[in-house]
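Worksheet for the structure shown next.
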Amino acid sequence: MKSNKIFITLFAGLSATLLLTNCSEDFLTKEPSGVLSTSQLNEIAKNDPGSVLLPLTTGLYSTTFAYGSGGLSQHDDFGQKCIDIVTDMMCADMAMPSNSYGWFRDDYNFVSQTKTENRAYGLWRYYYRLIKSANEVLDLIGGDGEVPEDAESKAYYGQAKAVRAYCYFYLVNLYQHPYGEKKDKPGVPIYTSQLIPDFVGQSTVQEVYTLIINDLTEAIEVLKDYDRGSDKSKADKYVAYGLLANAYLMRGESGDYQKAVDAANAVIGSGKFPLMTANDVTKSGFNSITIPSWIWAIDLTSENSPALPTFWGQVDYYTYSYAWAGDFKVIDADLYARIPTTDIRKQQFGSPSGGVGEDPLLPIYKFYDSDRSPGKRLWENDEVYMRVEELYLLKAEALARDNKTSEAATTLKELVDLRDPTTAATFASMSNAALLEEIYFNWRAEMWGEGKVYLAMKRYKKTVKRGPNHYLRAGESFAYNDSRMIFEIPEREELNNPYIVKQQ
């Protein structure tokens with residue numbers, strides 16, 4: 001985080017825009033200085049919420065996929081999807097058989113996690129930049145905890161709460177070990193307003209989770225009547241429910257597993273997000289926001305796409321990308337071998353015919369441009385942050401951890417029947433321990449390349465071993481609580497914030 005004077009900038013750019021477009025001549029006469037005060041912005045937000053809050057909220061979501069959003073301005077810095085790649089590499093499921101350009105190499109080699117490294121700073125900056133934007137929205141509406149009365153302002157308030165919770169959820173898990181082992185230890189600093197006078201120290205992991213759950217619970221209530229239409233980039237109550245299910249499952253205190261089930265059921269039971277069919281698994285390309293199972297996603301277009309610095313610019317062989325140029329991101333060979341031949345997900349990986357430096361484990365039937373023309377110079381494929389399959393896995397795991405084995409088996413079978421009916425038929429006879437292991441395998445097989453397995457690895461307290469197709473550290477093992485499995489608070493934050501203490 002930057003110094004306080006930088007961190008608490010109050011809408012200077014927005015003020016200039018508003019002076020040109022949204023203020024009456026009478027209002028400008030009263031304030032001839034050329035800069036709107038916070039109280040004036042509050043008044044505008046009250047009388048015409050969209051004029052102030054829409055551009056702020058639009059910018060909030062744009063940050064999640066913007067080039068350089070972590071402050072690194074390099075081709076492995078593009079918001080949430082770059083973090084998904086980083087964490088999939090850390091938990092060994094995403095392999096690089098070679099590396100020509102250097103992107104993600106330090107993450108892959110477990111040397112980017114220390115406080116002096118760019119990645120440790122970039123992740124911190126990205127999430128706190130989003131938190132800053134979310135708090136700006138809340139401050140303009142009236143402040144944290146001050147729920148507005150009108151529907152339009154409520155919608156902005158609820159979205160800001162959901163996004164802020166999403167940020168703190170990732171921060172506390174990326175910069176600290178699991179809740180069950182470190183809940184009383186320092187986590188990350190909590191900021192709930194941009195109007196605070198100074199920096200603060202880290203709240204405990206437990207306190208951060210309390211904020212996350214409170215924010216999401218409030219967001220769900222505030223957004224209960226909000227309809228985002230077809231714009232899945234916006235956080236609605238279903239996004240908030242999905243985040244809440246994650247938070248309860250990761251926390252795992254008494255009663256949390258049932259709460260995780262309830263939150264997942266709110267999404268699943270809505271009927272709005274049907275599971276991907278077996279055909280979808282290899283024929284959808286995971287490339288369009290219109291895919292029915294997608295809950296939270298970004299619609300990339302020629303106008304908003306960062307081009308090469310995108311998920312597609314790194315992973316898809318059929319896009320003009322580093323993968324097309326031979327810098328592959330592939331499935332770990334041992335994980336691939338673990339997938340049964342009866343499982344449709346095994347067919348997501350293969351070798352492009354005649355490709356340069358072919359690798360048989362490229363995700364050429366999972367993530368691909370719909371034209372399937374190698375080297376296509378467009379980066380308009382969409383990016384997914386949450387889909388309903390994740391909620392089925394969350395629900396099944398929570399039920400199993402609550403020793404509700406039969407219900408967990410039924411839930412998992414609903415998903416796997418559409419992937420591998422032969423294996424799904426065996427779930428009903430499994431012990432609870434065996435079923436939990438099957439759920440973990442399905443996290444890895446279903447969500448490969450989507451950044452979800454890092455959190456599952458922590459919940460399962462797994463030690464992972466890299467397969468033979470990793471060009472770095474092949475055959476090495478890494479435990480979930482290895483010091484390299486979390487990022488150190490960046491040195492720049494330690495220097496600027498006198499309240500930061502050593503991570504424990």
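The values are calculated or read from the model by the stated rules, or taken from the named source; none is laboratory data. As the structure is a computational prediction, the values presented were derived from the model and not from experiment. Using ideal geometry, Cβ is built from the backbone for each residue, glycine included, and neighbour counts are taken over all protein chains shown. SASA here: full protein model, heavy atoms, side chains in, ligands and nucleic acids out. Shrake-Rupley method; radii C 1.70, N 1.55, O 1.52, S 1.80 Å.
Selection over segment 271-281 of residues that are surrounded by fewer than 19 Cβ atoms within 10 Å (Cβ to Cβ), part of a helix (DSSP H, G or I) and not charged (D, E, K, R) gives a count of 2. If you go through segment 282-296 one residue at a time, do you hit one that is open to solvent by less than 40 Å² (accessible area, probe 1.4 Å), in contact (Cβ under 8 Å) with a residue 12 or more places away in the chain and over 21 Å from the mean Cα position of the chain (by Cα)? Yes, segment 282-296 has at least one match.
Of the residues making up segment 304-331, those that are aromatic (Phe, Trp, Tyr) and closer than 21 Å to Thr87 by Cα are Phe311, Trp312, Tyr317, Tyr322, Phe328.
Here segment 309-331 is the region considered, the condition is being assigned to a loop (DSSP other than H, G, I, E, B) and among the polar types (S, T, N, Q), and the residue that is surrounded by the most Cβ atoms within 10 Å (Cβ to Cβ) is Thr310. Quick check on Phe104: is it over 15 Å from the mean Cα position of the chain (by Cα), surrounded by fewer than 23 Cβ atoms within 10 Å (Cβ to Cβ) and among the hydrophobic types (A, V, I, L, M, F, W, C)? For Phe104, the condition - over 15 Å from the mean Cα position of the chain (by Cα), surrounded by fewer than 23 Cβ atoms within 10 Å (Cβ to Cβ) and among the hydrophobic types (A, V, I, L, M, F, W, C) - is not met. Number of residues in segment 184-201 that are under 22 Å from the mean Cα position of the chain (by Cα) and in contact (Cβ under 8 Å) with a residue 24 or more places away in the chain equals 4. The set of residues in segment 202-247 that are among the basic types (Lys, Arg) and assigned to a helix (DSSP H, G or I) contains only Lys237. In this structure, is Glu207 in contact (Cβ under 8 Å) with a residue 24 or more places away in the chain and open to solvent by 10 Å² or more (accessible area, probe 1.4 Å)? No; evaluated as a whole, the condition is false for this residue.
Just so you know, in segment 332-345 the residues that are in a loop (DSSP other than H, G, I, E, B) and in contact (Cβ under 8 Å) with a residue 40 or more places away in the chain include one that is farthest from Cys82 (Cα to Cα), and it is Thr342. Taking segment 376-490 as the region of interest, none of the helices (runs of 4 or more DSSP H) fully inside it holds 3 or more residues being in contact (Cβ under 8 Å) with a residue 60 or more places away in the chain and open to solvent by 60 Å² or more (accessible area, probe 1.4 Å). Phe110 meets each of the listed conditions (1) under 30 Å from Ala325 (Cβ atoms); (2) open to solvent by 40 Å² or more (accessible area, probe 1.4 Å); (3) assigned to a loop (DSSP other than H, G, I, E, B) apart from (2).
Considering segment 74-111, the residues that are among the small types (Gly, Ala, Ser) and in contact (Cβ under 8 Å) with a residue 60 or more places away in the chain include one that is farthest from Ala445 (Cα to Cα), namely Ser100. Scan segment 332-340 and tell me whether some residue there is closer than 30 Å to Lys272 by Cβ, of a type outside the set (A, V, I, L, M, F, W, C) and crowded, with 20+ Cβ neighbours inside 10 Å. Within segment 332-340, not a single residue is closer than 30 Å to Lys272 by Cβ, of a type outside the set (A, V, I, L, M, F, W, C) and crowded, with 20+ Cβ neighbours inside 10 Å.
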